[in-house]
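To start, the structure itself, in structure tokens.
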Amino acid sequence: MASSNDSIKKTVIVALSLCLVCSIFVAAAAVGLKPIQTANKDLDRKRNILSAAGLLEEGKSVDEIFENVEARIVNLQTGKFATDEEMQAAGISAGSFNQQAAAKDTALSIDLKGNDPAGIKRRSNFSEVYLVRAGDDIDRIILPVHGYGLWSTMYGFMALQGDFNTVLGFGFYDQAETPGLGGEVDNPNWKASWEGKKVYNSDGEAVLQLAKGSVDSSDPQADYRIDGLSGATLTSRGVTQLVQYWLGDNGFGTFLSHLRSGGV
């Protein structure tokens, strides 16, 4: 006697068959779309780099403008551009270096232990930086920075002029701070206020920081101060700490010092 279409056995077979078919479609879609997702991620990275450096132009594609940007690998331990031998030994190359992945690799990073004001736990031994030249001179440089705010690790780029001290632009491309409070790091007006600020004082110390409240233009330290984020003390503190860490001696400080002296 034929079994009923409502039997448990047939129900299970149909459910499993449906799951199998759906899994095949999902897997095929994921594999098929991966090249597009990778290309879009790379395009977004380039757009954020150009935005920080003030290089985006109407009527020109991101890829077209980015042809004028030179990607280089910096050895953060020596404060100089990485040699071909160093990059070969580490298995890395400019243009495809993943700093977040490298920071998780114990062979390519260091444990910051008690010296971790930015809250990143580990720091890659290498970093990719982006140069825009005017003839033989570096006109501007774009540096990747990241650090912990209130709720999230904030990832961004800081662009400096060719004096390697004056800020051209700054912005985060990935953060999950509180909307309307710490999330104001995405406010265009606030980001624009970074332009023209100075990172290093006369002693070469990275002192750029967020103020408590608005910056008083009559303050002798006004060139080193950014308006604080109202109601977002911990996010403001996080921004200050990540900037001072990455522009300090344990980040890009030694490298930028070498650039200023022509020693790289």
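The values are calculated or read from the model by the stated rules, or taken from the named source; none is laboratory data. Note that the coordinates shown come from a computational prediction; the quantities given were computed from them, not determined experimentally. Every residue, glycine among them, receives a Cβ derived from its backbone with ideal geometry; neighbour counts consider all protein chains shown.
Against the conditions (1) surrounded by 10 or more Cβ atoms within 10 Å (Cβ to Cβ); (2) part of a helix (DSSP H, G or I); (3) of a type outside the set (Phe, Trp, Tyr), residue 54 satisfies every one except (2). Taken over region 35-64, the criterion of being of a type outside the set (Asp, Glu) and closer than 14 Å to residue 95 by Cα is satisfied by 38, 39, 41, 43, 45, 46, 49. Going residue by residue through region 158-178, is there one that turns out to be of a type in the set (A, V, I, L, M, F, W, C), under 24 Å from residue 92 (Cα atoms) and buried (at least 17 other Cβ atoms within 10 Å of the Cβ)? Yes; the residues of region 158-178 include at least one that is of a type in the set (A, V, I, L, M, F, W, C), under 24 Å from residue 92 (Cα atoms) and buried (at least 17 other Cβ atoms within 10 Å of the Cβ).
Scan region 80-92 and tell me whether some residue there is farther than 24 Å from residue 47 by Cβ, polar (S, T, N, Q), without any contact (Cβ under 8 Å) to a residue 40 or more places away in the chain and in a loop (DSSP other than H, G, I, E, B). Yes; the residues of region 80-92 include at least one that is farther than 24 Å from residue 47 by Cβ, polar (S, T, N, Q), without any contact (Cβ under 8 Å) to a residue 40 or more places away in the chain and in a loop (DSSP other than H, G, I, E, B). Residues that are among the small types (Gly, Ala, Ser), under 21 Å from residue 177 (Cα atoms) and out of contact with any Phe, Trp or Tyr (no Cβ under 6 Å at 6 or more places or on another chain) within region 218-264 comprise 228, 230, 231, 232, 236, listed in sequence order.
Go through region 189-221 and give me each residue that's surrounded by fewer than 14 Cβ atoms within 10 Å (Cβ to Cβ) and of a type in the set (A, V, I, L, M). Within region 189-221, just 192 meets the criteria.
Could you go through region 38-49 and let me know if any residue there is assigned to a helix (DSSP H, G or I), of a type in the set (Gly, Ala, Ser) and either modelled with pLDDT under 85 or exposed (fewer than 12 other Cβ atoms within 10 Å of the Cβ) (or both). Yes, because at least one residue in region 38-49 is assigned to a helix (DSSP H, G or I), of a type in the set (Gly, Ala, Ser) and either modelled with pLDDT under 85 or exposed (fewer than 12 other Cβ atoms within 10 Å of the Cβ) (or both). Taken as a whole, the structure places residue 109 among residues that are among the hydroxyl-bearing types (Ser, Thr, Tyr) and surrounded by 13 or more Cβ atoms within 10 Å (Cβ to Cβ). Within the option set 132, 167, being without any contact (Cβ under 8 Å) to a residue 60 or more places away in the chain, touching a Lys or Arg at 6+ places or on another chain (Cβ under 9 Å) and outside any loop (DSSP other than H, G, I, E, B) holds for one residue only, 167.
Please determine, by comparing only the residues of region 58-104 that are among the acidic types (Asp, Glu) and touching a strand residue (DSSP E or B) at 6+ places or on another chain (Cβ under 8 Å), which one is surrounded by the fewest Cβ atoms within 10 Å (Cβ to Cβ). Write out each step before concluding.
Let us first name the residues in region 58-104 that are among the acidic types (Asp, Glu), namely 58, 63-64, 67, 70, 84-86.
Filter again for touching a strand residue (DSSP E or B) at 6+ places or on another chain (Cβ under 8 Å), leaving 70, 86.
On the way: 70: 14, 86: 17.
By that ranking, first place goes to 70.
What about residue 116, is it in a strand (DSSP E or B) and surrounded by fewer than 22 Cβ atoms within 10 Å (Cβ to Cβ)?
Values: in a strand (DSSP E or B): no; surrounded by fewer than 22 Cβ atoms within 10 Å (Cβ to Cβ): yes.
So residue 116 does not fit the description; no.
Among residues of region 93-107 being free of Cβ contacts under 8 Å to residues at least 24 places away in the same chain and in a loop (DSSP other than H, G, I, E, B), the one that is nearest to the chain's Cα centre (by Cα) is 98.
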